[in-house]
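The values are calculated or read from the model by the stated rules, or taken from the named source; none is laboratory data. Keep in mind that this is a model prediction, so the values were computed, not measured. Glycine gets a Cβ as well: all are built from the backbone with ideal geometry, and neighbour counts include every protein chain shown. Please note that ligands, DNA and RNA were not included when accessible areas were found on the heavy atoms of the full protein model with its side chains. Shrake-Rupley method; radii C 1.70, N 1.55, O 1.52, S 1.80 Å.
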Amino acid sequence: MNRHEVGFKQYSCFHKWQAFVRATEDSGYYNWPRYENEARDEMPTTDHPFYAGKGRIYFDNLSRPRQGDWDVDWARRNFKYDCNKPYYHEAHHIIPDSILQATLVKVLGGPGGSPELVLTARNMLLEQSYNINHKLNMVLLPMNPHVAKVLNLPIHRQPGHPDHRTYRTLVASLLQGDFAAALKDAVDHKSPKPGDLKSKLEGHAKPLYMQIVEGGYASLEDMAMAVF
């Protein structure tokens, strides 16, 4: 139910590892020949802050990839220990942890609810083994706009913007309906149904994932605005 910040470990609750695992299962979105055309042409040199270079996170140039250089591959270091290997990237929570927590408190702890109901719902989700950091809720996204364009994947966050507010608002609107139903269920039957709530959360993650990876080169903000 919470985000874990630790060294790169193969834990089911470590979001970066789970995002890598998810990417290996859908490697066609990342691996050769996805970037084959880019290997034929030099990437432009710019002063864009989200280009990665050797020994530092930000640099003004990213070398032209050869076959395999950008692949999500168990045998390679890519996407594991460094956020700039092979290019600057981030692991995105499809349902952000902060939005899940805030919506739980807003709906189940608001009018008609109680702090005890929030705690009950959290405990029940844990009993049902809901894991917000599991691969089902993760997707690996580039932060480099040129790489995003090459791979035809959305940028996780736009340069100069620390958050993706429209996307977060979209997810919050989906979750509010789920928790409102849980609140009604608690009023009518004295307790929410955790299995139903878990399946709803995971049910949102699946179509959102497809909208993200099939959304093309834009950003999560643009994708969310299109959905709205």
Q.
Condition check: within 16 Å of residue 98 (Cα to Cα) and crowded, with 17+ Cβ neighbours inside 10 Å. Does residue 144 satisfy that?
A. no
(Q) Restricting to the range 110-133, give me the number of residues that are farther than 16 Å from residue 178 by Cα and of a type in the set (Gly, Ala, Ser). (A) 2
(Q) I'd like the full set of residues that are modelled with pLDDT under 75, in a loop (DSSP other than H, G, I, E, B), of a type outside the set (S, T, N, Q) and surrounded by fewer than 14 Cβ atoms within 10 Å (Cβ to Cβ), limited to the range 34-72. (A) 41, 42, 44, 47, 54, 55, 60
Q: Spot the failing condition for residue 150; the list is (1) surrounded by fewer than 21 Cβ atoms within 10 Å (Cβ to Cβ); (2) under 24 Å from residue 218 (Cβ atoms); (3) over 16 Å from the mean Cα position of the chain (by Cα), and only one is missed.
A: (1)
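Aromatic (Phe, Trp, Tyr) and buried (at least 16 other Cβ atoms within 10 Å of the Cβ), is that true of residue 81? Quick ask: steps written out before the conclusion?
Details: aromatic (Phe, Trp, Tyr): yes; buried (at least 16 other Cβ atoms within 10 Å of the Cβ): no.
Against the criterion (aromatic (Phe, Trp, Tyr) and buried (at least 16 other Cβ atoms within 10 Å of the Cβ)), residue 81 does not qualify.
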Q. When the range 1-33 is examined, which residues are found to be open to solvent by less than 80 Å² (accessible area, probe 1.4 Å), assigned to a loop (DSSP other than H, G, I, E, B) and at pLDDT 95 or above?
A. 26, 30, 31, 32
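Okay, residues lined up against (1) surrounded by fewer than 17 Cβ atoms within 10 Å (Cβ to Cβ); (2) acidic (Asp, Glu); (3) not in a helix (DSSP H, G or I):
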{"position": "85", "(1), (2), (3)": "yes, no, yes"}
{"position": "102", "(1), (2), (3)": "yes, no, no"}
{"position": "113", "(1), (2), (3)": "no, no, yes"}
{"position": "116", "(1), (2), (3)": "yes, yes, no"}
{"position": "120", "(1), (2), (3)": "no, no, no"}
{"position": "123", "(1), (2), (3)": "yes, no, no"}
{"position": "132", "(1), (2), (3)": "no, no, yes"}
{"position": "139", "(1), (2), (3)": "no, no, yes"}
Q. Since residue 97 meets every condition but one in (1) touching a Lys or Arg at 6+ places or on another chain (Cβ under 8 Å); (2) within 30 Å of residue 30 (Cα to Cα); (3) crowded, with 17+ Cβ neighbours inside 10 Å, which condition does it not meet?
A. (3)
